[in-house]
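The values are calculated or read from the model by the stated rules, or taken from the named source; none is laboratory data. Just so we're clear, the structure is a prediction, and the values are computed from it rather than from any experiment. Neighbour counts run over all protein chains shown; Cβ positions are idealised from the backbone, glycine included.
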Amino acid sequence: MKILIVAATEMEIEPIKNLVSVDLNKLHEITFLIAGVGMVNTTYHITKMLNKSTFDLAINIGIAGAFDRKLTIGEVLHITSDLFAEMGAEDDNSFLSLIQLGLQTPKEFPFLWGELVPEQNIISVQIAHMQKVRAITVNKTHGKLSSILQTQNLYNPQIESMEGAAFFFCCMNEKIPCLQIRSISNYVEKRNKENWDIPLALKNLHSSLIELLSRI
């Protein structure tokens, strides 16, 4: 199987190259892409890659912040839906989505009521053990109580990242089966890096990905 593995940063992807065994290389043709931080970088670099190569599966890996306190630091999750949280317009204290603005229809491909929900048919069995969560993608990660509460009221998300929805958007438009898995490095709260555990999140993410690749 030809597999594209995408991450935003070197620390999220480089260790995987050393963990991929000879046996896995015999099973799959794996291409790695460091797409950069944020939606713009992700969209550009994935689109450029997909214009020159075809893949049977694309996997986006990375760390994320959790709104849901039932999730634990270091937990690896399967993101089943994602959306561009800031795509819309402010109306005083309210927020209007593109659908509410009349700029997008409820089922305008690849969106479904503003969400990106890729099918997981070819790998549904292999990822069945992972907890499924809803995500939002943002340009600015949350660190202020008022904006955190507003976002929770709007979307009730479980996690946030800066790239996930852009990854889904590109792959779904190109009809490429795609999967997003992320590990929790911190809770979404007033910014306090002392509460973060990026090394644990990365360690668990990488081991989970290797296990997944061996099952595909």
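Brief remarks on what is shown
- The set of residues in the stretch 180-205 that are modelled with pLDDT under 95 and either among the aliphatic types (A, V, I, L, M) or within 20 Å of V37 (Cβ to Cβ) (or both) comprises R191, K193.
- Per the listing A85, A89, the residue uniquely among the small types (G, A, S) and farther than 15 Å from F169 by Cα is A89.
- One residue stands out among those in the stretch 63-115 that are crowded, with 16+ Cβ neighbours inside 10 Å and charged (D, E, K, R): the one that is nearest to S208 (Cα to Cα), which is E75.
- Close pairs (6 angstrom Cβ cut-off, 6 or more residues apart or separate chains): in contact (Cβ under 8 Å) with a residue 24 or more places away in the chain in the stretch 111-137, surrounded by fewer than 21 Cβ atoms within 10 Å (Cβ to Cβ) and of a type in the set (D, E, K, R) anywhere: Q126/R215
- Subset of the stretch 10-55 [modelled with pLDDT of 85 or more, among the charged types (D, E, K, R) and under 24 Å from I122 (Cα atoms)]: E29, K52
- In the stretch 105-129, residue nearest to N156 (Cα to Cα) [restricted to those that are modelled with pLDDT under 95 and polar (S, T, N, Q)]: Q120
- Verdict on S183 being among the polar types (S, T, N, Q), surrounded by 22 or more Cβ atoms within 10 Å (Cβ to Cβ), touching a residue at least 40 places away in the same chain (Cβ under 8 Å) and under 21 Å from P15 (Cβ atoms): yes
- Looking across the stretch 6-21, the residues that are within 15 Å of G36 (Cβ to Cβ) and touching a residue at least 60 places away in the same chain (Cβ under 8 Å) come down to V6, A8, M11, E12.
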